[in-house]
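Q: There's a structure below that I have some questions on.
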Amino acid sequence: MPPFPDFSNPTIFPTFASLPLATDDVPPNSTPYHLIGTISENMTLSTSPTFICKDPSGAPFALTLRIPAALVKAGVQGGGYDVSGFKKGFTFVVPNARRSGVSEGKQGFVEIPVGEVKVIPASVKKLMEMSAREREGIEKRGRSQGKESCQACGNEKEAEKLSRCKGCESVWYCDKNCQTVGWTEKGHKGECKIYRAVLSAFPGADGTA
Ligand SMILES: [Zn+2]
Ligand SMILES: [Zn+2]
């Protein structure tokens, strides 16, 4: 299982303002990074779907999706592209984003082919909370010789004595009873799909795709 990315790491998840410009040269072997932004508003005016998002520092930026020419319906807002999956409060993940349209007094925007963008059904704030918890878990495992702890009751045991959530394979349980408590009372019902989306968006280690 790849580690949960550290969404609070500004090198891997930079702010919009710190992104390189589209006109900058790309240094060879530069570290891959991702722009993440919570979708706050759909402000599509042309045939390109455009969203206002909030970056990890809470600063707003505009993201424009380029859709394949063959799919664009001319004269239709957003080109007729189905953007129903890009919901308010969800997070866009944009690999190696660059700023376009930057000039004096203009902060620019990010433009990306729609196929390169991924969406996680949680806000950036929620993802940061989850990665802080994951970091704590890693430290705890270091202190307890690799034991995992039950998401419901917190008991630490060797992994083989626990069972894993089959949905996300990211949390552990003592038994069926703990699994039920974890799912309902301890909130895994809301987080299982977030873990799944994060792990499919970041199949490599620590945010490198
Ligand atoms: Zn338990
Ligand atoms: Zn799960």
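Rule-based calculations on the coordinates, nothing more; no lab input. Just so it is clear, the structure is predicted and the values come from calculations on it, not from any experiment. Neighbour counts run over all protein chains shown; Cβ positions are idealised from the backbone, glycine included.
Q: Across the Cα atoms of the stretch 100-209, what radius of gyration and what greatest pairwise Cα-Cα distance (Dmax) are found, in Å?
A: Calculated on Cα positions, Rg and Dmax stand at 18.0, 61 Å.
Q: With charges set only on the Cβ (+1 for Lys and Arg, -1 for Asp and Glu), what does the dipole of the chain come to about its Cα centre, in debye to the nearest 20?
A: Dipole of the chain, to the nearest 20 debye: 540 debye.
Q: Still on this structure: Across the stretch 66-78, in residue order, what do the Karplus-derived ³J(HN,Hα) couplings come to in whole Hz, using 6.51 cos²θ - 1.76 cosθ + 1.60 with θ = phi - 60° and x for Gly and Pro?
A: For the stretch 66-78, the Karplus curve yields 8, 9, x, 3, 5, 9, 6, 8, 4, x, 9, 4, x Hz.
Q: Further, regarding this structure: By per-residue mean of other Cβ atoms within 10 Å, what is the highest-first order of 19-26, 69-76, 8-15? Mind dumping the intermediate values first?
A: Working: 19-26: 12.0, 69-76: 9.5, 8-15: 15.9.
The densest-packed peptide leads the list: 8-15, 19-26, 69-76.
Q: Taking N as the number of residues in the chain, what is its alpha-carbon radius of gyration divided by 2.2 N^0.38 Å?
A: 1.17
Q: Something else: Report the Cα-based extents of the stretch 103-149 along its three principal axes, largest first, to the nearest Å.
A: 53, 27, 15
Q: First measure r as the distance between the Cβ atoms of Arg133 and Lys189, then evaluate 1/(1 + (r/R0)^6) with R0 = 22 Å and state the FRET efficiency to the nearest 0.05.
A: 0.85
Q: For the stretch 16-124, just run the numbers: alpha carbon Rg, then divide by 2.2 N^0.38 Å, N being how many residues it has.
A: 1.06
Q: Going down the table (Lys126/Lys166; Lys125/Lys157; Lys54/Lys87), which pairs top 19 Å between alpha carbons?
A: Details: Lys126/Lys166 22 Å; Lys125/Lys157 30 Å; Lys54/Lys87 13 Å.
Violating the 19 Å limit, Cα to Cα: Lys126/Lys166; Lys125/Lys157.
Q: Run the helix sum for the chain: -39,500 (n - 2.57) per DSSP H stretch of 4+ residues, divided by residue count, reported at 222 nm to the nearest 500 deg cm²/dmol.
A: Numbers: 3 runs with 43 residues, N = 209.
It lands at -6500 deg cm²/dmol.
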